[in-house]
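K.L.:
Can you read through this structure? Questions will come right after.
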Amino acid sequence: MVAQQQTINEPLRSAAQDLPTGAEMLVEALVHEGVDAIFGYPGGAVLHIYDELWRARDRITHYLVRHEQGAVHMAEGYARATGRVGVVLVTSGPGATNAVTGIANAYMDSTLLVVITGQVPKHLIGTDAFQEVDTVGITRPCVKHNYLVREARDLPAIVREAFHLARSGRPGPVVIDIPKDVSAARSNYSRLDHVSFPFSAESAPVNEDSAQQAFELILGAKRPVLYIGGGITNSGAFDGLLAFAESLRLPVTPTLMGLGGFPSSHPLCLGMLGMHGTYAANMAVAESDLLVALGVRFDDRVTGKLATFAPQASIIHVDIDPANIGKNVAPSLALAGDVKQALDRFLLLVLQQSDEELRASVQAREPWWDQIRNWQRQQPLRFTGSQDQIKPQTVIRELHRLTGGEALVTTDVGQHQMWVAQFYPFTKSRQLITSGGLGTMGFGLPAAIGAQLALPEQLVIAVVGDGGFQMTNQELATAVQYGLPVKILIMNNGYLGMVRQWQEMFYDRTYSEVDISVAPDFVKLAEAYGAAGFRAERPAELRSVLKAALEHKGVAVVDIVVTKEENVFPIVPAGANARDMITQ
Amino acid sequence: MRHTLSIIVADEPGELSRIVGLFSARGFNIETLSVGESLDPRWSRVTIVTRGDDRTIHQIVKQCERLARVREVQDVTTRPHIEREMALITVSASAGADRQEVLSLVSVFRAKVVDISHTQLIVEASGNKEKVDTFIELLRPIGVTDITRTGYIAINRLAAQPDIERIAS
């Protein structure tokens, strides 16, 4: 312990003096991984690292957030907008626990993240020291892997492996917990290009025989549906999917995470699947004879009651995570591996078919398409307009029109999220960044900031509710500080809208603790942060207010006062199936 | 159905808790668990006895395989293998008929007396679960005061060779 104290406070006068510290090694290793941005918040246990970051500020830009949850969501926004690894740096104890929500969110939504947390010095670990928490223990269930670094000399290998793990196979967050004395200790630094544990991260190549079998099933299916998820985006399979679906004229339905993986405006797209998905998509899956699941995990918000989900269908499941296959639904054919690889294989097999064979296959599905078009005509997405109130669905339609469908949209969680999913037709991968699996309120604003940072020229819009916005609105300061001109659209109904809707529909309108109409004046709040504030209260002013906000050069907050008790339709009640869908 | 899983994991701090945590987080059950060095001391072998239908077991195997430091997961139940459990049992038995009865059971079950005093014996038994269970049940009326069991360990064997102990019993 004496030796340790010396290392921390007064390094021995020796050759060791010339060796880099753990903090220096960490920064070097991050630069080596191509990191140019870190989202973080300093504290006692990471002081050495912050000291070093200051010196390295020409090589890595640190973005100071206002709450650690914001840092992680920003890194998620950054990662999901670009496919690069988002990097976070927070201190021990509360710094780490505040980051946990974001880490869990990234884990559920398969987001590339490396989170570096400070830890108390090794000799204090286990003593309930100031700002000590078992970060590795707390984050264990929601990371791909985590490390407690014991020796500075291990840092290069750990950083190398952490980035490798985050990127490979199914992406996800990795946590590196660094005790304060480790970031101070001096050791030899060696750049590492290999990883010591490669076996766990690699995904097996797609089995060609299975791909052939799958293709034959698809070719011969009379009522197939392609059910696509976030895996399409993560594997970069957009083009392959589009080409394959078009070649055989296959109906496509994305999950919430799959939106943008296939153009929503495309005639082959049936709209979103699941609880708030379209009638046509849900009916098509319910009546399908073959469900081709691509980069999805059969989430309960998609399947409803498992026993009656796609009851007549054979299921082909392609996913990079072998544990996803058979977890909720047992497929008839499993293809563990990269979905892009599988689609490329299918495309190759399409090319090997004769034109007559392809034509016959497409023709055999014409009655299926007739049926689908019927469902689409019977129950399109709809809502009742209003002369004196702004309808939230109108806001999204208007936003789509004003942005030419080109905006990158982030959302929080709840009704507004579903309206975005339903009424903003996303046409590109990475165009919608939303909290899918964990359902984290407060995600939208910081995610937008991270995305904006990664894509400075892109119009980035956070559509949020008045509830979620108030969970992370302090990050307005971050956006203003760094001049990141995100636009925040608050769908303000004075309620925790989705909970209120469930209380209305399933709890006899007992509105228990959902009234949040006591709220700050969001225009003044925006101005207090140095952002521009706008407000729209009447349908007549919606377009001009939105237009003014979108044209504003800096950070803009738009308080849109919408119908208080609007519901999201259609809805498949939890634990039910497509036939129980309530359409209005 | 009962399955014995053999998991090879890096001998590093915290790795066991990753495996155990995964079982509890995903609602899998652990009947017995034992950990020790494997052939290569850098790797530990964790033997877990669990219950579930084929799909559950398959899911457990796949989930364990996702762990970064797990090298291999084998459901040894699906192939020829040897399973053993060891128990240490304290039996209250002074010199006389009780002690004689303990000694004769020890001999029948190929167990061992590992400690003896005026009032009690500690006996060591190993074998499959059924054998150890039966042994303990037969000792109970005499006066079992403590039991500790290791849980199963298992190892693969070649199919051609018979299980010697099973033949002997």
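The values are calculated or read from the model by the stated rules, or taken from the named source; none is laboratory data. Remember, it's a predicted structure, so these values are computed and weren't measured experimentally. When we count neighbours, we look across all protein chains shown, and the Cβ atoms used for this are built from the backbone with ideal geometry, even at glycine.
K.L.:
Give the residue, chosen from B:Ala68, B:Ala95, that is touching a helix residue (DSSP H, G or I) at 6+ places or on another chain (Cβ under 6 Å), over 27 Å from B:Ala159 (Cα atoms), at pLDDT below 95 and not charged (D, E, K, R).
P.N.:
The unique qualifying residue is B:Ala68.
K.L.:
When you scan segment A:336-343, do you find a residue that is in contact (Cβ under 8 Å) with a residue 40 or more places away in the chain, farther than 23 Å from A:Glu216 by Cβ and outside the structural domain of A:Met108 (by TED's automatic domain parsing), even just one?
P.N.:
Within segment A:336-343, none of the residues are in contact (Cβ under 8 Å) with a residue 40 or more places away in the chain, farther than 23 Å from A:Glu216 by Cβ and outside the structural domain of A:Met108 (by TED's automatic domain parsing).
K.L.:
Turning to a different aspect of this structure: Identify, from the list A:Tyr107, A:Tyr63, A:Tyr50, the residue that is closer than 20 Å to A:Val159 by Cβ and either modelled with pLDDT under 95 or not in a helix (DSSP H, G or I) (or both).
P.N.:
A:Tyr63
K.L.:
Residue pairs, Cβ under 9 Å, 6 or more apart or interchain, first in segment A:96-111 and without any contact (Cβ under 8 Å) to a residue 60 or more places away in the chain, second assigned to a helix (DSSP H, G or I) and surrounded by fewer than 20 Cβ atoms within 10 Å (Cβ to Cβ). List them.
P.N.:
These pairs meet every condition: A:Thr97/A:Ile138; A:Val100/A:Ile138.
K.L.:
Does segment B:82-105 contain any residue that is out of contact with any Phe, Trp or Tyr (no Cβ under 6 Å at 6 or more places or on another chain), farther than 30 Å from B:Ile142 by Cα and not basic (Lys, Arg)?
P.N.:
Yes, segment B:82-105 has at least one match.
K.L.:
Another question, if that's okay. Step by step: first the residues of segment B:3-47, then only those that are touching an Asp or Glu at 6+ places or on another chain (Cβ under 7 Å) and closer than 13 Å to B:Ile60 by Cβ, then the one that is farthest from the other protein chains (Cβ to nearest Cβ). Which residue is that?
P.N.:
In this case the residue turns out to be B:Thr4.
K.L.:
Determine, yes or no, whether A:Thr384 is among the β-branched types (Val, Ile, Thr) and outside the structural domain of A:Gly497 (by TED's automatic domain parsing).
P.N.:
Yes; evaluated as a whole, the condition is true for this residue.
K.L.:
Looking for something closer than 22 Å to A:Gly404 by Cα and small (Gly, Ala, Ser) - is there at least one such residue anywhere in segment A:551-573?
P.N.:
Within segment A:551-573, one or more residues are closer than 22 Å to A:Gly404 by Cα and small (Gly, Ala, Ser).
K.L.:
Turning to a different aspect of this structure: Exactly one of (1) acidic (Asp, Glu); (2) farther than 30 Å from A:Ala166 by Cβ; (3) surrounded by 14 or more Cβ atoms within 10 Å (Cβ to Cβ) is unmet by B:Asp75. Its number?
P.N.:
(2)
K.L.:
Continuing with the same structure: Collect the residues in segment A:139-159 that are assigned to a helix (DSSP H, G or I), in contact (Cβ under 8 Å) with a residue 24 or more places away in the chain and either of a type in the set (Lys, Arg) or on the phi > 0 side of the Ramachandran plot (or both), keeping them in residue-number order.
P.N.:
The answer is A:Arg153, and nothing else.
K.L.:
Look at segment A:249-273 and say how many of its residues are over 18 Å from A:Val318 (Cα atoms) and either at pLDDT below 95 or outside any loop (DSSP other than H, G, I, E, B) (or both).
P.N.:
The total comes to 1.
Yes or no, residue by residue, for (1) hydroxyl-bearing (Ser, Thr, Tyr); (2) in a loop (DSSP other than H, G, I, E, B); (3) more than 14 Å from chain B (Cβ to nearest Cβ):
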| site | (1), (2), (3) |
| --- | --- |
| A:Phe298 | no, yes, no |
| A:Arg301 | no, no, yes |
| A:Ala307 | no, no, yes |
| A:Ala310 | no, yes, yes |
| A:Ala323 | no, no, no |
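K.L.:
To continue, here is another question. Among the residues of segment A:109-148 satisfying the criterion of being within 12 Å of another protein chain (Cβ to nearest Cβ) and among the aliphatic types (A, V, I, L, M), which is surrounded by the most Cβ atoms within 10 Å (Cβ to Cβ)?
P.N.:
Here the residue is A:Val143.
K.L.:
Are any residues in segment A:160-197 part of a helix (DSSP H, G or I), among the aliphatic types (A, V, I, L, M) and closer than 14 Å to B:Ala68 by Cα, and if so, which ones?
P.N.:
Result: A:Ala162, A:Leu165, A:Ala166.
K.L.:
A further question follows. Of all residues in segment B:113-128, how many are part of a strand (DSSP E or B) and over 19 Å from B:Ile153 (Cα atoms)?
P.N.:
Selection size over segment B:113-128: 8.
K.L.:
Let me ask something else about it. In the list B:Leu16, B:Leu5, B:Leu22, which residue meets the criterion of being touching a residue at least 40 places away in the same chain (Cβ under 8 Å) and touching a strand residue (DSSP E or B) at 6+ places or on another chain (Cβ under 7 Å)?
P.N.:
None of the others qualify; the one that does is B:Leu5.
K.L.:
Does A:Lys428 qualify as being surrounded by 22 or more Cβ atoms within 10 Å (Cβ to Cβ), in contact with a helix residue (DSSP H, G or I) (Cβ under 9 Å, 6 or more places away or on another chain) and at pLDDT 95 or above?
P.N.:
When the stated conditions are applied, A:Lys428 does not pass them.
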